[in-house]
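Colleague: Below is one structure. I have some questions about it.
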Amino acid sequence: SRFNVFRRGRAFTLAELLTVLAIIAVLAGLLFPVLVSVKSAALKTQCLSNMKQACEATMMYTSDYDDYFMPVNHRPGAPPNALLDRTWVQLVLPYAKSFSIFTCPGDYGTRDDSDTIFDGDLQPGDIYARYYTASMHVNMGYNYLYLSPIVLKPMGGIWQWISEPRSTTAMGDQSKTILFADTVWDRDANGTPFDGGNWLVVPPCRYQVEDHRVADTFGEMDAPVFAPFRGWDVDNPLSGHVYGGVWPWHSGRVNLIRVDGSAKSEAISQLSAGCEVRESWQGFVKNAADYMWDLH
């Protein structure tokens, strides 16, 4: 019948069907990396945008506090979740649009379901009392050892951890000094990142030789400084501290922003430029012009 002829004329053979499926598979194989690359680029761009907003908030903070950077904590020696203690993230938060700008959308690590957003010191209506624990897991690591170190000093006959924020006016070139960098909290036995980022980041070097003498780039020779870890854990490639807490969330590259507001994605190797990286700050700054951590 005409109906049967019509149906036979529109049918596909198995070979034709397999050919079409093969073409679709090839196209998908070609397009998938492109789509992944586009998505990765979008996440990197959003992360850089977040950093710029955080930098602007930081500059508004310094403007209100005589050009001094924010301390890491109000109470450096206080135990975790101590009442009235505040992190630098919480201090900058009133100048920012939202807490979300301190996170990286490219963070592909895992988080424990028990992680809390609010903390025991939450006080209704008090923006400073929110996100205490969460603020320590943001993806922006503060270059605090140069911008706002915590030093152990005698105060009233008692040794105490003291915050010593530096002034923006004390900097030689704001375009060369890191303010924030992408970070990771830690990594598991397989090297997989988990629990977000780290609110602090540690530089790869501390000392340099000047006129045949060793100088402490932190400011005070061998003064005890608070640090979650000493230098980069380069002898342990699966450590979350292998780069001092810095982590390349973006196809092997790290987003960072300098004090002057210039944001850029860098290869992880660039963050140790000018520095001989060794465990526990045993390496020296070899080229101060290339070293992007200190006050220059």
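Colleague: Over all Cα pairs of region 229-296, how is the pair count split among 5 Å bins, expressed in % and running from 0 up to the last occupied bin?
Modeller: Distribution as computed: 4, 15, 24, 27, 20, 8, 1 percent.
Colleague: Hey, another quick one. Go through 245-253, 197-205, 230-238, 103-111 and give me the packing order, highest mean Cβ count within 10 Å leading. Before the final figure, lay out each step's value.
Modeller: Numbers: 245-253: 20.1, 197-205: 25.7, 230-238: 15.8, 103-111: 17.6.
In decreasing order of mean packing, 245-253, 197-205, 230-238, 103-111 become 197-205, 245-253, 103-111, 230-238.
Colleague: Report, to the nearest whole %, how much of the accessible area of region 145-235 belongs to carbon and sulfur atoms, 1.4 Å probe, protein only.
Modeller: Working: 2090 of 4150 Å².
Carbon plus sulfur share of accessible area: 50 percent.
Colleague: Want the number for residue 192 to residue 222: 0.36 nm per residue separation, take away the alpha-carbon distance, what's left?
Modeller: Values: separation 30, 0.36 × 30 = 10.80 nm, distance 3.44 nm.
Additional length available on full extension: 7.4 nm.
Colleague: Compute from the Cα atoms of region 168-296 the Rg and the Dmax, the latter being the longest Cα-Cα distance, and quote both in angstrom.
Modeller: That works out to 14.5, 45 Å for Rg and Dmax.
Colleague: Per the Debye formula with a single identical scatterer at each Cα and no solvent contribution, what log10 I(q)/I(0) holds for region 126-194 at q = 0.11, 0.18, 0.27 Å⁻¹?
Modeller: Results for region 126-194 at q = 0.11, 0.18, 0.27 Å⁻¹ read -0.46, -0.98, -1.13.
Colleague: To continue, here is another question. For region 190-268, what is the accessible area per residue in Å² when the probe is 1.4 Å? Provide the component values of the computation, followed by the final result.
Modeller: Values: 3310 Å² over 79 residues.
That works out to 42 Å² per residue.
The values are calculated or read from the model by the stated rules, or taken from the named source; none is laboratory data. Worth saying up front: this structure is predicted, and the values here are computed from it rather than measured. Note that each Cβ is placed from the backbone with ideal geometry, even for glycine, and that neighbours are counted across all protein chains shown. Ligands, DNA and RNA are stripped out before the accessible areas are found, and what is left, the full protein with its side chains, is counted by its heavy atoms. Shrake-Rupley method; radii C 1.70, N 1.55, O 1.52, S 1.80 Å.
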